[in-house]
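The structure appears right after this line, and notes come after that.
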Amino acid sequence: MNTASAPRREELRRALRATRDRIDTAAAACGRSDEASDIALIVVTKYFPAEDVAALVERGVTSIGESRDQEASAKVTELRERLTSAGMPQIHMIGQVQTKKARSVVRYADVVHSLDREKLASHLNRAVARAVEEGERVGPLDVTIQIDLGNGEDRGRGGVRPEDCEDLADFVSGCEGLRLRGVMAIAPDPARSDAGSAFARLGAVHQRVLAAHPEATWMSAGMSGDVEEAIAAGATHLRVGSAILGSRYIER
Ligand SMILES: *Cc1c(COP(=O)(O)O)cnc(C)c1O
């Protein structure tokens, strides 16, 4: 694995600083200044090479997001060769996961944000048990339940329907290998609904989940285009890609 060029490192440093400033400003604007440092920034590094991840880690990034198993597992292998285990960022799988990928994902992921069906929970749960037994991971997998905020109009982004979320949460909390941490959503197409009202719906679903599962405190919401709306709605985990890394690598 090479090292990112000096200009690239500088570009990443500036963009990261700008995003952190944006988070602080948004938190202050809605009276969350005290919590600003507790709002977790997950830098989404899909399409970008391990060199960029290493440069971000040097700048204090502790969590990265990936959306495809094949790309993520290769990148993690490179990072593990380069970084000490204490220096490794947490790996957040934010893209849809096929059940046949469960075995692979549990070998490197700390968190899966896109849990949206019982079948996937069962597969991940079994895969965790096996990976622990075989010494490929330690401890349970943190998960958030992905909610579909598109009212069925915005197919393809995944997520359980809001009305089915509590049943899925109950199911997940019964899985020994999984630890229910909260909820996650992607704002629907801006042409159909503004991010603020979509995230407010997510907040309402989150409250219902919290009533039965007080440990499920995370609300994973907010991407490059809607960080402010997400913070105003109570997001605890932001998933920001292009605002920091630029437009996708293959097009550069
Ligand atoms: C790609 C992706 C992001 C980051 O999106 P940007 O608009 O590049 O910030 C966040 N969440 C999910 C689920 C993604 O797939």
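The values are calculated or read from the model by the stated rules, or taken from the named source; none is laboratory data. Just so it is clear, the model here is predicted, and its values are computed rather than measured. No Cβ is skipped: glycine too gets one built from the backbone with ideal geometry, and neighbour counts run over all protein chains shown.
Structural remarks
- Taken over region 190-244, the residue count meeting the criterion of being of a type outside the set (Gly, Ala, Ser), over 18 Å from Ser114 (Cβ atoms) and in contact with a Lys or Arg (Cβ under 9 Å, 6 or more places away or on another chain) is 5.
- Candidate set: region 205-247, residues that are free of Cβ contacts under 8 Å to residues at least 24 places away in the same chain and out of contact with any Ser or Thr (no Cβ under 9 Å at 6 or more places or on another chain); chosen: the one nearest to Arg20 (Cα to Cα): Gly222
- Criterion applied to Ala74, Ala86 was being without any contact (Cβ under 8 Å) to a residue 24 or more places away in the chain and in a helix (DSSP H, G or I), and the one residue passing it is Ala74.
- Selection of strands (runs of 3 or more DSSP E) fully inside region 121-225 by the criterion of at least 2 residues being touching an Asp or Glu at 6+ places or on another chain (Cβ under 9 Å) returns 141-146, 178-184.
- Of the residues making up region 81-95, those that are under 21 Å from Thr144 (Cβ atoms) and touching a helix residue (DSSP H, G or I) at 6+ places or on another chain (Cβ under 9 Å) number 5.
- Filtered residue count, region 195-242, keeping only those that are among the charged types (D, E, K, R) and out of contact with any strand residue (DSSP E or B) (no Cβ under 9 Å at 6 or more places or on another chain): 4
- Residue check, Ala230 touching a Leu at 6+ places or on another chain (Cβ under 9 Å), more than 19 Å from Gln96 (Cβ to Cβ) and within 12 Å of the ligand (Cβ to nearest atom): yes
- Ala235 meets the stated requirement of being outside any helix (DSSP H, G or I) and crowded, with 21+ Cβ neighbours inside 10 Å.
- Flag not set for Gln70, criterion: in contact with a Ser or Thr (Cβ under 6 Å, 6 or more places away or on another chain), surrounded by fewer than 22 Cβ atoms within 10 Å (Cβ to Cβ) and not acidic (Asp, Glu).
- Residue in region 78-87 that is under 16 Å from the mean Cα position of the chain (by Cα), surrounded by 15 or more Cβ atoms within 10 Å (Cβ to Cβ) and at pLDDT 95 or above present: no
- Matching residues in region 22-50 - criterion: being within 20 Å of the chain's Cα centre (by Cα), in a helix (DSSP H, G or I) and either modelled with pLDDT of 95 or more or not polar (S, T, N, Q) (or both): Arg22, Ile23, Asp24, Ala26, Ala27, Glu35, Ala36, Asp38, Ala50
- Members of region 70-84 that are within 16 Å of Ala55 (Cα to Cα) and of a type in the set (S, T, N, Q): Thr84
- Residues in region 42-76 that are within 16 Å of the ligand (Cβ to nearest atom), β-branched (Val, Ile, Thr) and farther than 20 Å from Val105 by Cβ: Val61 alone.
- Within region 5-44, restricting attention to residues that are without any contact (Cβ under 8 Å) to a residue 24 or more places away in the chain and within 14 Å of Val61 (Cα to Cα), the residue that is surrounded by the most Cβ atoms within 10 Å (Cβ to Cβ) is Arg20.
- Across region 95-113, the number of residues qualifying as surrounded by fewer than 23 Cβ atoms within 10 Å (Cβ to Cβ) and either within 12 Å of the ligand (Cβ to nearest atom) or part of a helix (DSSP H, G or I) (or both) comes to 9.
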